[in-house]
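Here's the structure we're looking at; comments come further down.
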Amino acid sequence: TTIDVPTERYNHTAVWTGSKMLVWGGLDGNTGGSYDPAENRWNPIATTDVMTEEDSRTAVWTGSKMLVWGGYDGDGISPVGGVYNPKTDY
């Protein structure tokens, strides 16, 4: 489906949770989405208290949270990271 799909992007990051794909960031800013293939549905990811805007970040899935780190902020490599919990959408 394309309903609620995140805006087109590149230099984003994505992780697989075992049941959903989480997509975050890229050159469109600090937005993202969660895709559930079982339901064929996209849901936006909350943007409250997000990191500063960077692209080309790295992300890993811990088994319960997505850890996002680094990226390029226009001036160089960013030493900033964040944590996203899809159960709380925060």
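The values are calculated or read from the model by the stated rules, or taken from the named source; none is laboratory data. Because the structure is a prediction, the values reported are computed rather than measured. When we count neighbours, we look across all protein chains shown, and the Cβ atoms used for this are built from the backbone with ideal geometry, even at glycine. The protein model used for the area step is the full one, side chains on, heavy atoms only, and it has no ligands, DNA or RNA in it. Shrake-Rupley method; radii C 1.70, N 1.55, O 1.52, S 1.80 Å.
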Worksheet item: Looking at (1) open to solvent by less than 80 Å² (accessible area, probe 1.4 Å); (2) on the phi > 0 side of the Ramachandran plot, which is the only condition residue 49 fails?
Response: (1)
Response to the item:
Pairs returned, first residue in region 28-39 that is over 16 Å from residue 18 (Cα atoms) and part of a loop (DSSP other than H, G, I, E, B), second residue that is modelled with pLDDT under 90 and among the β-branched types (Val, Ile, Thr), beta-carbon separation under 8 angstrom, 6 or more apart or interchain, are 28/7; 30/47; 30/50; 30/52; 31/7; 31/45; 31/47
Item to complete: Test each condition in (1) touching a residue at least 40 places away in the same chain (Cβ under 8 Å); (2) out of contact with any Lys or Arg (no Cβ under 7 Å at 6 or more places or on another chain); (3) aliphatic (A, V, I, L, M) for residue 5 and report the one that comes out false.
Response: (1)
Worksheet entry | Those residues of region 57-87 which are crowded, with 17+ Cβ neighbours inside 10 Å and polar (S, T, N, Q), in sequence order | 78
Worksheet item: How about region 16-33: which of its residues are within 8 Å of the chain's Cα centre (by Cα) and at pLDDT 90 or above?
Response: 22, 23, 33
Worksheet item: Of the residues 34, 56, 19, which single one is of a type outside the set (D, E, K, R) and touching a Gly at 6+ places or on another chain (Cβ under 8 Å)?
Response: 56
Worksheet item: Picking from 23, 15, 5, which residue would you name as being open to solvent by 50 Å² or more (accessible area, probe 1.4 Å) and either part of a strand (DSSP E or B) or over 16 Å from residue 88 (Cα atoms) (or both)?
Response: 5
Worksheet entry | Matching residues in region 32-41 - criterion: being crowded, with 18+ Cβ neighbours inside 10 Å and farther than 17 Å from residue 64 by Cα | 32
